[in-house]
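For reference, the structure is listed below as C-alpha cells.
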Amino acid sequence: MKERPAIGSFKGVNEMPVLAAVAVPHPPLIIPEVGRGEEKRIQHTINAYQQAMRFLARFKPDTVVLTTPHTVMYADYFHISPGKSACGDLSRFNAPQAKVEIPYDEDFVHQLESYCQEHHMHAGTLGERDPSLDHATVVPLLFLEDYLNDFELVRVGLSGLSIADHYRLGEAISAVADKTGKRVVMIASGDLSHKLTAEGPYGFSPEGPKFDKELMECFEDADFLRMMTIKPEVCESAAECGHRSFVIMAGAFDRRKVDSHVLSYEGPFGVGYGVATFEGEGPDPARDFLDKLEAIEDKEYHERLGKEDPYVKLARSSVETFVKTGQYAPLPNNLPADMMDKRAGVFVSLHEHGRLRGCIGTTEPTQANIALEIIANGVSACSRDPRFPPVQPEELKYLVYKVDVLEPAEKISSEDELDPKVYGVIVEKGSRRGLLLPDLEGVDSVAQQVSIAKQKAGIAENESVQLYRFKVVRHS
C-alpha cells in the first residue's frame, strides 16, 4: 500500500485543505460564440454552470486546481502544467475570440510535485507537449471569470493509472493546500457518457444512460466509494471522459464530510452534461474510501483466482513469477493432458482496470506444448509488448488474463468467408503479416477487422492481401 498522509498531517494554524469543488462539463457549444443560438438547447446546464461558479467565487480562492481529460495524458504519469501562465481559446471550434489567459500558481505546482515525489506518486511537470489551454479548461474558466478574476490556476491531467492513484492525487492536492495555507477550490472538468442516443455523434450504448444515472446519484449523495467502483467496462462502453477527473476531486475530500448538490443534468445532443457542487466540512474518519476500495479489490482478486481454469492460472503464474523474480515459472504438476500433449499457437492478453495492458502471441507453436507456449507468451506480454512499459509488482493483483489457443489457420478467397465474432483473421502481403483475434469489443464488422489487421502489418488500406481465418478456444 502506498504511503498516505494521516488526518490532519499538515494541519497547522490555517487548517486549509481544499475548501470546495464543482463537477462541470465542457461542451464548447455552451459558449455563445460557438453555439450561435444552439446553446439555448442546454439552458439548464448554462444556468447551473453559472450557479456553480458563483458558488466557487463565494470562497474567495487564491488558487483554482482544475483537472482535465484533454491535456497531455500518459499511461503511468499525471502531468501538472508548468510555467508562469498559459492561454487558450476555442479557435478549433471557430471561435478564436472566446479565449482566456491565466497565471499559474508556480509555488503550488512546485509543492505538489515535491509532495508527489516524496510519497512515490507518479506525477510532475515533465513531458509537456502543448502549453496552450485545452477546451476542457477554457470552457470552465470562461464561466468562472464572470464571477472571479483574481486567482491563479493549477492544471492537472489524468492518466492511465488506477482509480486509487487518481484518488491519491486528490489527497495530495488537499494536503498541499493545507500546507501552503492557501484558499483552494477545485474544478473537475468532464463530460459524462457520449453514447446516450442513436442519433448522437457517437451512437448509442446501453451503458451510456446507466453510467450517467449512477454517476449523478454518486454526486447527489457524495458517495465517492460507489463512484470509484463503477466497473471499467461500463466506463469504456459509455465513452465517458470525466470519471477520473471526478475521482481526483473526490480524493481532495478524503475523510471529510461533504455537502453535495446536483444542480442539473441533461443530454439533448447524445452527450451527458452534469453539474454538481461539493463543500468540504469537518472530519469524518468513516469516509476513508481507499481502505474500503482496497478491501473490495482484494475480494475481487481472490474471486477471480477461484474462477480461473488451468490455462489462465498458468498465464497468471507465468507473469507473477517473472515480474517478482525475473525467472520463468516452472511447469506445475497435474496439468490437463491437452496442455502437455498438444502444440498450438497461443495469445496471452493482460487487462488492467478495463484497459489492455499487454498482448503477445504466436500464430504457430514455438514450444514443445501448449503449457510452455503459455508461459513464454505470458512473459512476453508482461515485459516485451512495445506498446506498454513492463508490468510492475504493484499491478499484479489488478491484472485480468485471457488465453486464446489458436486452431490452425485456413486460407480463404474472400472477406465473405469471415465473421469477426467467430473467426480471427490473418492478412498477408509478401513478408508482411498482420493478425487480429476474433470476438473483440468494438470490432463489429469484417471491414473493421481486416482494416485493423492491415494496419498492424503496415499494409495500406487499398492493397490486396491473402486472407486466412482461424478459430480460437478462449479461456478467461
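A short reminder: the numbers here are calculations on the coordinates, not readings from a lab. Fair warning: this is a prediction, and the values are worked out from it, not measured in the lab. Methodologically, a virtual Cβ is constructed for each residue, glycine included, from the backbone with ideal geometry; neighbour enumeration extends over all protein chains shown.
Quick notes on this structure:
- Calculated FRET efficiency for the pair Glu303/Gln367, C-beta based, R₀ 41 Å, to 0.05: 0.85
- 19 Å Cα-Cα reach of Lys292 towards lysines, excluding residues that sit fewer than 8 places from it in its own chain: Lys2, Lys231, Lys257, Lys397
- With the highest mean first, a sort of the peptides 46-55, 319-328, 78-87 on other beta-carbon atoms found within 10 angstrom per residue produces 46-55, 78-87, 319-328.
- With one equal scatterer per alpha carbon and no solvent term, the Debye-computed log10 I(q)/I(0) for the chain at 0.10 1/Å reads -0.83.
- Potential lengthening between Arg474 and Glu417 on full extension [0.36 nm per residue; Cα-Cα distance subtracted]: 18.4 nm
- Measure of compaction for region 382-453 (Cα Rg per 2.2 N^0.38 Å): 1.36
- Potential extension, Asp130-Glu294 segment - 0.36 nm per residue separation minus Cα distance: 55.5 nm
- Annotation: peptides 280-289, 246-255, ranked by per-residue average of other Cβ atoms within 10 Å with the highest first, follow the order 246-255, 280-289.
- Cα gyration tensor category, rounded, prolate or oblate, for region 58-119 with a/c compared to 1.5: oblate
- Here the peptides 122-134, 445-457 are ranked by packing, the mean other Cβ count within 10 Å, and the order with the highest first is 445-457, 122-134.
- Antiparallel %, DSSP beta bridges [both residues in the chain], to 5: 70 percent
- 19 Å reach of a label modelled at Asp284, 7 Å along Cα-to-Cβ, counting backbone N of region 223-237: 223-230
- Positive minus negative residues near Leu396 (Lys, Arg vs Asp, Glu; Cβ under 9 Å): 0
- Percent RCO, i.e. relative contact order, over region 356-430, from Cα pairs under 8 Å lying at least 6 residues apart: 27 percent
- Straight Cα distances below 30 angstrom link Lys99 to the lysines Lys40, Lys60, Lys84, Lys182, Lys195, with same-chain residues fewer than 8 positions distant left out.
- Applied to region 116-129, the Karplus parametrisation 6.51 cos²θ - 1.76 cosθ + 1.60 on θ = phi - 60° returns per-residue 3J(HN,Hα) values of 5, 5, 4, 9, 6, 9, 8, 8, x, 9, 6, x, 6, 9 Hz, with x for Gly and Pro.
- Length released on extending from Glu441 to Phe59, taking residue separation times 0.36 nm less the Cα-Cα span: 133.0 nm
- Magnitude of the charge dipole for the chain, about its Cα centre and with charges confined to Cβ atoms of Lys, Arg (+1) and Asp, Glu (-1), is about 620 debye.
- Calculated FRET efficiency for the pair Leu331/Arg36, C-beta based, R₀ 56 Å, to 0.05: 0.25
- Under 26 Å from Lys471, Cα to Cα: lysines that are on another chain or at least 8 residues apart: Lys307, Lys313, Lys342, Lys402, Lys411, Lys421, Lys429, Lys454, Lys456
- Shape of region 250-346, Cα gyration tensor, a/c cut at 1.5: prolate
- For the chain, relative contact order (Cα pairs under 8 Å, six or more residues apart, normalised by length) works out to 14 percent.
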